[in-house]
1. With respect to residue 115, is the statement that it is crowded, with 24+ Cβ neighbours inside 10 Å, more than 21 Å from residue 336 (Cα to Cα) and either without any contact (Cβ under 8 Å) to a residue 60 or more places away in the chain or touching a helix residue (DSSP H, G or I) at 6+ places or on another chain (Cβ under 7 Å) (or both) true?
2. Has the range 157-176 got at least one residue that is open to solvent by less than 50 Å² (accessible area, probe 1.4 Å) and hydroxyl-bearing (Ser, Thr, Tyr)?
3. If a residue must be within 13 Å of the chain's Cα centre (by Cα), open to solvent by 10 Å² or more (accessible area, probe 1.4 Å) and of a type in the set (D, E, K, R), how many such residues does the range 122-155 contain?
4. Picking from 348, 282, which residue would you name as being in contact with a helix residue (DSSP H, G or I) (Cβ under 9 Å, 6 or more places away or on another chain), open to solvent by 10 Å² or more (accessible area, probe 1.4 Å) and acidic (Asp, Glu)?
5. Test residue 215 against the criterion of being under 21 Å from residue 180 (Cα atoms), touching a residue at least 60 places away in the same chain (Cβ under 8 Å) and part of a helix (DSSP H, G or I), and give yes or no.
6. May I ask you to list pairs of residues, at least six apart or on different chains, whose Cβ atoms are under 8 Å apart, with the first in the range 21-40 being without any contact (Cβ under 8 Å) to a residue 24 or more places away in the chain and in a strand (DSSP E or B) and the second being open to solvent by less than 70 Å² (accessible area, probe 1.4 Å) and hydroxyl-bearing (Ser, Thr, Tyr)?
7. So, in the range 82-103, of the ones that are open to solvent by 70 Å² or more (accessible area, probe 1.4 Å) and touching an Asp or Glu at 6+ places or on another chain (Cβ under 8 Å), which residue ends up nearest to residue 146 (Cα to Cα)?
8. Looking only at the range 177-207, filter to residues that are surrounded by 13 or more Cβ atoms within 10 Å (Cβ to Cβ) and farther than 30 Å from residue 165 by Cβ; which one of those is farthest from the chain's Cα centre (by Cα)?
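The values are calculated or read from the model by the stated rules, or taken from the named source; none is laboratory data. Because the structure is predicted, anything quoted here is derived from the model rather than measured. Positions of Cβ are generated from backbone atoms using ideal geometry, with glycine treated the same way; all protein chains shown enter the neighbour counts. Please note that ligands, DNA and RNA were not included when accessible areas were found on the heavy atoms of the full protein model with its side chains. Shrake-Rupley method; radii C 1.70, N 1.55, O 1.52, S 1.80 Å.
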Amino acid sequence: MTPVTAIINAHVVPVASAAFDGGTVLLQNGRIVELGTDVTIPADATVIDAAGKWVLPGFIESHGHVGIHEEANGWAGDDTNEMTGPNMAAVRALDAIDIDDEGFRDALAGGITTIVVKPGSGNPIGGQSVAIKSWGGRTIDEQVISDAVSVKSALGENPKRVYGDKKQTPSTRLGVSLVIREAFIAAQDYAAARDAAAEKGEPFTRDLGKETLARVLAGELAWDQHVHRHDDIATAIRLADEFGYRLVINHGTEGHKLADVLAERGIPVIYGPLFTARSKVELRDRAFSNLVALAAAGVQVAITTDHPVVPVNFLVHQASLAVKEGLPVQTALEALTVNPALILRLHERVGSLAPGLDADVVIWSGDPLDVNSRAELVLIGGVEVYRWSDGRGQVTERASRFS
C-alpha cells in the first residue's frame, strides 16, 4: 500500500470551506484523501503533530516572473520580454524558466506552492504563461500543472514606451490597440482557413502565433491583460467584447473606478503589486484601499507580487496589510488560494484543502496573516520541500531529492 501522511491536531483552514480545530489531514499518492475532526489514521501512517499550528493550502502567486527574471543575474538571467516585435503570441514562458532561481526558494519560505509564470509587459502581446509547482522536479517539465493557462498582453505605458523609443508601431495607445485587434482578426481568418482545410483533408501551413490566439478565441486560454489606468481597463473590456475572449485584468490599479462594471461583467482582477512606490504615471492612484473597493463591489480578486517587483515571499504580507486597510480576512485568504485557482482554471488541482486536490499543504506557526507567523513545513504533492529548523529555512535541494 502507498504510504500515508497524517497531519493531526491542527487548526485546519481549507479556505473553500469552514475552518476547524483539532483537525486531521490525510495525504496519499500526492493527493489529499480526507480531512476533518473524526478521521481514521492508518496504523502505518507517517504522523505530523501540528498541535497549536495552522494548516492551509499552499498559496498561489498568480502573476509572477520567477525563473524567467532571475534573482541577482542581471541581463543574463532576464528573459521576461522578447521585445523584437509587438506580437509575440508564439513565445512561451515555459521555455525560459530556471528552476534553480533563488526566487523559488523564497516562494517556499512564503508558503507559495504554485506560481503562474508570465512573460512581461513590454509587448502588446507578450506570450504564453504556465502554471508550475514552486519546487520538486528534476526539470521544469516535472513541475508543470498546466501549460494551457493564458496569454499575456499589455496596454498603456509599457508597450507604448518600448516601441515609441524604437520609432515604430505601436508608439501610442491607438497603436497598441491596433496591434491587438489586427492580430485577432488574423487569428480568426487563420482558424477559419485551418478548419476548412481540415474538413477537405487538405494540407495547411501552421503559424504558432495565430494558433495561440485561436486558442484564446476558442476559450482555451485566458487573456491576461496588463493594465493600470481606468481608460485602459475600458479598452481591455471593449476588445474583449469585440472578440469574445475570457478577460482577466492584471494589476488593475484604477480598477476601483470601474468596480461596478467589472463586477457586473464577472471580470476578475489579479491586483498588485502593493509594496511599490508610485514610480510612473499609471501608478498615481495606487492604494490598498483600491483592492478593498474592488472586493466590496463583488469583483473576484487575487493578489500578486509581480515578482521580482516585490519579493515573492511577501505575497502573504500584502494580504495582511490589505486586511489592515479593510479587506475581509476570508477574502484575503481566498485572494491567495481559491480565487487565483478559479480565475486561471487550476481549481481542480490546487487552491484549497479538499479530497482529490494536490497535497500542497503548508503548516504555519500561527495565523499566516499575522506578520509574526512563519511557514514551518511545506509539502508539495505530499513531499516535504521546506522546513523551518534551527532558526532558518531549509529547502530540500535537488541533490538530496534525486541522489
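1. Working: crowded, with 24+ Cβ neighbours inside 10 Å: yes; more than 21 Å from residue 336 (Cα to Cα): no; either without any contact (Cβ under 8 Å) to a residue 60 or more places away in the chain or touching a helix residue (DSSP H, G or I) at 6+ places or on another chain (Cβ under 7 Å) (or both): yes.
In short, no.
2. Step one: list which residues in the range 157-176 are open to solvent by less than 50 Å² (accessible area, probe 1.4 Å), which gives 157-159, 162-164, 170, 175-176.
Checking which are hydroxyl-bearing (Ser, Thr, Tyr) leaves us with 163.
Yes; the residues of the range 157-176 include at least one that is open to solvent by less than 50 Å² (accessible area, probe 1.4 Å) and hydroxyl-bearing (Ser, Thr, Tyr).
3. 2
4. On the way: 282 fails: open to solvent by 10 Å² or more (accessible area, probe 1.4 Å).
Sole residue among the options that is in contact with a helix residue (DSSP H, G or I) (Cβ under 9 Å, 6 or more places away or on another chain), open to solvent by 10 Å² or more (accessible area, probe 1.4 Å) and acidic (Asp, Glu): 348.
5. Working: under 21 Å from residue 180 (Cα atoms): yes; touching a residue at least 60 places away in the same chain (Cβ under 8 Å): yes; part of a helix (DSSP H, G or I): yes.
So residue 215 fits the description; yes.
6. Correct list of pairs: 26/5; 36/24.
7. It comes out as 92.
8. 197
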